[in-house]
Amino acid sequence: MEKMKVIAEWTYTPAPIERGYTRKTLYVNVGEPRMEIKDVSQDMIDTFTGGRGFDLKLLWDAVKDTTKWNDPENEIVLSGGPLCGITQYPGAGKCYAAFISPLSGQTYDSNSGGYWGPLSKFSGFDAVEVQGKAEKDIILFINGDEGKIQILESNLKDLNAYAVTETLHEYFAVDEADKRNISVISTGKAAETSYYGCMNMSFYDPRRKVARLKQAGRGGGGSIMRDKKIAAMVVKFSKIGGNLNNVVDLDTLQRVGVKLHKEIHDLDDVQCKMRKVGTAHLNEIMDEYHLLPTNNYKFGQNAAEISKIHSAVYERLFTQGMPDGCWYGCSMSCAKAVDGFTVQTGPCKGEKVTVDGPEYETVAALGSNIGVYDPLWTIEANFYADHYGMDTISLGTAIAFVCECYELGLITKKDTNGLELNFGSKDDIMELIHRMADGKDEFASMVAKGIRYMKKAFAEKFKADAKTMEAIGMEGQGVETSEYVPKESIAQWGGYYLTLKGPQHDEAWLIFMDMVNKQLPTFEDKAEALHYFPNFRTWFSLVGLCKLPWNDVEPANNRIVNEPKEAAKVPEHVQNYVDIFNAVTGKGIRKEDLITMSEKVYNFQRVFQVRMKQGEANHNIPLRALGPVFPDEWEARREYYDGKLREIGIDPSALSTEEKIKKLQEYRLGMWEGLKMAVYKRRGWNKKGIPTVETLKRLGIDYPDVVAVVEKYSKPEDNFD
Amino acid sequence: MITVNGEPLDWKPGMTVQDVLDAKRYTFRMIGIWINDRPVPKNEFSTTEVPDGAVVQAIHMVSGG
């Protein structure tokens, strides 16, 4: 590739890292262009910890109340956190991104593995914020080796992710070994029209000799990249070592890390098999428990087809025996890949490629949820989603909605510009995906903007029935639901639809606890879980850790030494987190402090949503998420659903199926309202879901501008008694 | 009769923990069993008998996602 023209260049002296922090953040405005290095105050560390907390604090200061996703002042803020980059404990390479989302119009946080988080910190920055809009396609390059920031004029011929990533690893490396010192954030052509453009964060795999892609997939970060005309962001740092975080207590860090490595080594094969098949171990389990989204979440099971997408099938397709960690030292090694895959369609037809994944979510989204039970097709769809820069979850859930609209006759073949989009119409669905990347087909561009956009556009343009689409469009706060059927778990209604950013499973996954284990019988029990788990999981995003080593492996005696409810929290691993946080930072936190640390950021983000939505940061839930909408859904589990009516004192024997559905919907809508109030109250919010001033004070986040938002939109009549 | 996660299940003489799991179609690998609040090690599921009237908790461990 020809040398790229330098548009702007700045030099800096990389700050040393002490106890996990550089105490500096990088600001780059790609439009002006301008660069600034900001100090991190002790208050910022004490309140926001790092990672997503730093992202949100910087974003709060950068945007106005009226900022839209495609305004120049919107930012992409990226941060790992104080534990990011340690190599002793598995899962410590996470990077968290925050931005105002095109899907929801409020903040979204999305995370990825790969090397960007650690390498950007080693280059001197606890966070990187990118603002402004460039006039031409540019590449932002952070050279941590030389202390240099560059904005380069892109001369990339292909803006799709695999091409961008491979080219830039080659361009910025001096030799093959040096490629491992680089991480590229890329998206793709579809992100130019889509609202769910993903960010791919790379790491170089020296054994396969290819750049691998992990995704901060959700929320539309890739769409913002392309709106800013950012073709890629690149970081380079060559002196990777075992203690670049300059931790306080390396011995403890190593001791705790070795303990978990041994646990994974000894137990993973008999527990989740993450090392062999990654999260795809869930495929048949979710099907067995009626949780696998099937045909736009109509059903949770397809007994006739599940064997085709069983984890054993994927285990054979994934290359085995390779160390698949997405950061140094992660023995969980779940970043599975399909090597030597021959692409069958589209611009890469005939090429042999390495495809990252698919993970469980993609198996469901671009599989069962759209009626496709062909792993090779799903792998190809996964490849193109990443390559074109689209979130596989939103893409699959959006297409599932389209397929159901098509089968219901709400949209026609004429509307789809000739595509037959029944469930399972895999050739035409693949063509739709290619059209999204092409950006010229009006229908494909509608699909690329997500369900909330489609509901409005289909009603206006195709006269599709709005009420039906409201019932079956599986979005919350504008974001597509991820890949678990939530209908039969009241707690999971909250786990999905009472979240900060929309129905993504990284806040709380309570289906087993609630629906199967029956550990959360009352609203108060559910509300407590919807307080504890979202805050516990938030903590990972503050410090730079992956959630998977928390509960996708557990100590052999976890179920012996703990009573059932505590065992679900995996107490020994919680103590590990306390120990490694203290070992890195020198602080003396206790396990209770994990929740408080998170609560500060969780409530700050909620106020941020209230601010961006001018007080109307509402939690919506589609009827499909609450139960059956159409008779075939009821009839598929008639005995079960008739029993649900009997449980609430309704005799189903004299009712038609439509009447039964209506009765159950009325009951469950009441339950949803009850759950919402219990959760708001437990979280210290008012009846409109706004944190109270007392909550802000308790958490020490009663900054004047934060309090002002709460006071502006809170009314006395909305207070709980 | 026994209860499993609060729901009744017919009891049979010689019924083991594994029989209970099969009857409930609980196929998940990360599952913990408590019989009358007493934990049962996984390697004893096939040999541990469940007494009539027992309160069985079959706890699926993963908090998921």
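Here, each number is a calculation from the coordinates, and none is a lab measurement. This one's a predicted model, so the numbers in the text were calculated from it and none came from an experiment. Cβ coordinates were reconstructed from backbone atoms using ideal geometry, including for glycine residues, and neighbour counts include every protein chain displayed.
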Would you mind giving the mean number of other chain beta-carbons within 10 Å of the Cβ of each residue in B:4-11, as a whole number? 1
P(r) of the stretch A:11-236 over all Cα-Cα pairs, binned every 5 Å from zero, in whole percent: 1, 8, 16, 21, 23, 17, 10, 4, 1, 0
How many Cβ atoms of partner chains, on average, are near each residue of B:25-33 if near means within 10 Å of its Cβ? 6
Take every residue in peptide A:276-282, count the Cβ atoms of other chains within 10 Å of its Cβ, and give the average of those counts. 1
Rounded to whole angstrom, the alpha-carbon centroid of the stretch A:303-362 lies from that of the stretch A:264-301 at a distance of 15 Å
What's log10 of I(q)/I(0) for the stretch A:189-270 at q = 0.12, 0.26 Å⁻¹, Debye sum over Cα points only, no solvent? -0.66, -1.13
Over what distance in Å are the Cα centres of the stretch A:444-499 and the stretch A:68-103 separated? 26 Å
Qualifying lysines (Cα of each under 23 Å from Cα of residue A:660; at least 8 residues distant if same chain): A:298, A:467, A:487, A:644
Per DSSP helix of 4 or more residues, -39500 (n - 2.57); summed, then divided by the residues of the protein assembly as shown. What does that give at 222 nm, rounded to the nearest 500? -11500 deg cm²/dmol
Restricting things to alpha carbons, tell me how big the stretch B:2-60 is in terms of Rg and Dmax, in Å. 10.0, 26
Taking the protein assembly as shown on its own, what percent of its Cα-Cα pair distances exceed 39 Å? 33 percent
With +1 on each Lys and Arg Cβ and -1 on each Asp and Glu Cβ, how big is the dipole of chain B about its Cα centre, in debye rounded to the nearest 20? 260 debye
Calculate the dipole size of the stretch A:273-480 relative to its Cα centre from +1 charges on Lys and Arg beta carbons and -1 charges on Asp and Glu beta carbons; express the result in debye to the nearest 20. 160 debye
What relative contact order, as a whole-number percentage, does the stretch B:2-60 give when Cα pairs under 8 Å and 6 or more residues apart are counted? 50 percent
Long-range alpha-carbon pairs in the stretch A:415-537, meaning those over 26 Å apart, account in percent for 37 percent
Find, among the trypsin sites (Lys or Arg not before Pro) in the stretch A:564-623, those assigned to loop by DSSP (not H, G, I, E, B) with at most 11 other beta-carbon atoms within 10 angstrom. A:590
The protein assembly as shown - charge dipole about Cα centre, Lys and Arg +1 at Cβ, Asp and Glu -1, debye rounded to 20: 960 debye
Show me, for the stretch A:392-402, the HN-Hα J-couplings you get by feeding each phi into the Karplus relation (A = 6.51, B = -1.76, C = 1.60, θ = phi - 60°), rounded to Hz, glycine and proline as x. 5, 6, 4, 4, x, 5, 5, 5, 4, 4, 4
P(r) tail for the stretch A:273-480, what percent of Cα pairs lie past 23 Å? 44 percent
So, over other residues within a Cβ distance under 9 Å of residue A:684, counting Lys, Arg +1 and Asp, Glu -1, the net charge is +2
Looking only at aspartates and glutamates whose Cα falls under 13 Å of residue A:518's and that sit 8 or more positions away or on another chain, we get A:488, B:7
